[in-house]
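Engineer: Got a structure here, written out as structure tokens. Questions coming.
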Amino acid sequence: MNEKIIHLESIVKNYKVGTQIVRALRSVTIDINKGEYVAIMGASGSGKSTLMNIIGCLDTPTSGKYVLNGKDASRLSDDQLAEIRNTEIGFIFQVFNLLPRNTALENVMLPLVYSGIRKNERKRMAVETLTDVGLDDRMLHRPNELSGGQRQRVAVARALVNKPSLLLADEPTGNLDSKISEEIMELFAEIHRKGNTLLIVTHEEDIAKHAHRIIRLKDGEVESDIINPNPIY
């Protein structure tokens, strides 16, 4: 029996811009099971960034229900949402968001500080995760001493170190050339093979083709939701 990790039911998100109401999401209903590899696609203005923010507990819906791993995130306080973000979701961003003065090891240890884990255990977990993403020889390097691909690997390790229920990547190859992009997508494939639930938001067809399921948004609604019969890996 499939275990549901994301349940979005009739999600509506409206924004007020001046005197106008912008309807960013219009009754979106999506279920994602544990262990799935899903790409969310759509042109600019389709609602994919708004949907990602709601799934990532960075924003709340105007109406509708969002259940993440059994928790009703649409009814939680800001503090409770922050707790979910730290324990349930690993974020990977296009711009890496690494602290420039910290080493790769220190950047990866950072989320564990907020989890109350002791320093020796934080270091052990960070070393293990950086080794898993192929950076065992770059742990003491700062971001400006790393290539773009290596910086994204540090960001992936930081997202994974807490062993989150969901890995959420927003345009993860947007700042990388095609060769490095392929390396990062191979890394994502390996992460998925280990049983992680992976959700990638992208506008690039070549990136979406790695996913096993592709959801397309248009004008704030689900235009299509299909299984990819031939994922690249």
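The values are calculated or read from the model by the stated rules, or taken from the named source; none is laboratory data. Keep in mind that what you see is a predicted model, and the values were worked out from it rather than measured. Because the Cβ atoms are built from the backbone with ideal geometry, glycine has one as well, and the counts that use them run over all protein chains shown.
Engineer: Can you work out which of the residues in segment 180-196 that are assigned to a helix (DSSP H, G or I) and without any contact (Cβ under 8 Å) to a residue 12 or more places away in the chain is surrounded by the most Cβ atoms within 10 Å (Cβ to Cβ)?
Structural biologist: Taking segment 180-196 first, the residues assigned to a helix (DSSP H, G or I) are 180-193.
After this cut, where a residue has to be without any contact (Cβ under 8 Å) to a residue 12 or more places away in the chain as well, the list is 182, 190, 193.
Working: 182: 17, 190: 14, 193: 10.
Here the answer is 182.
Engineer: Still on this structure: What's the total number of residues in segment 84-115 that are β-branched (Val, Ile, Thr) and touching a Phe, Trp or Tyr at 6+ places or on another chain (Cβ under 7 Å)?
Structural biologist: Total satisfying the criteria: 0.
Engineer: From 151, 138, which residue is touching a residue at least 12 places away in the same chain (Cβ under 8 Å) and in contact with a Pro (Cβ under 7 Å, 6 or more places away or on another chain)?
Structural biologist: 151
Engineer: Can you tell me which of 64, 42 is modelled with pLDDT of 95 or more and either on the phi > 0 side of the Ramachandran plot or in contact with a helix residue (DSSP H, G or I) (Cβ under 7 Å, 6 or more places away or on another chain) (or both)?
Structural biologist: Answer to the selection: 64.
Engineer: Just to verify a result, which residue in segment 21-64, among those that are within 23 Å of residue 209 (Cβ to Cβ) and of a type in the set (S, T, N, Q), is nearest to the chain's Cα centre (by Cα)?
Structural biologist: Applying the filter and picking the extreme gives 49.
Engineer: Does residue 171 satisfy the condition of being at pLDDT below 90, over 13 Å from the mean Cα position of the chain (by Cα), crowded, with 17+ Cβ neighbours inside 10 Å and not aliphatic (A, V, I, L, M)?
Structural biologist: no
Engineer: Is there any pair with a first residue in segment 197-217 that is within 24 Å of residue 164 (Cβ to Cβ) and at pLDDT 95 or above and a second that is part of a loop (DSSP other than H, G, I, E, B) and among the hydroxyl-bearing types (Ser, Thr, Tyr) whose Cβ atoms are under 6 Å apart and which are 6 or more apart or on different chains, and what are they?
Structural biologist: Close Cβ pairs satisfying both conditions: 217/46.
Engineer: Here's a follow-up. Quick check on residue 46: is it surrounded by 15 or more Cβ atoms within 10 Å (Cβ to Cβ), among the small types (Gly, Ala, Ser) and in a loop (DSSP other than H, G, I, E, B)? Give the steps one after another, and end with the answer.
Structural biologist: Numbers: surrounded by 15 or more Cβ atoms within 10 Å (Cβ to Cβ): yes; among the small types (Gly, Ala, Ser): yes; in a loop (DSSP other than H, G, I, E, B): yes.
The answer is yes for residue 46.
Engineer: Among the candidates 74, 27, 63, 46, single out the residue that is in contact with a Pro (Cβ under 6 Å, 6 or more places away or on another chain) and either under 19 Å from residue 171 (Cα atoms) or in contact (Cβ under 8 Å) with a residue 12 or more places away in the chain (or both).
Structural biologist: None of the other options fit; the residue is 74.
Engineer: Could you count how many residues in segment 9-24 are in contact with a Ser or Thr (Cβ under 6 Å, 6 or more places away or on another chain), buried (at least 18 other Cβ atoms within 10 Å of the Cβ) and within 15 Å of residue 225 (Cβ to Cβ)?
Structural biologist: Residues meeting the conditions: 0.
Engineer: Out of 154, 127, report the one residue that is closer than 24 Å to residue 52 by Cα, modelled with pLDDT of 90 or more and among the aliphatic types (A, V, I, L, M).
Structural biologist: 154
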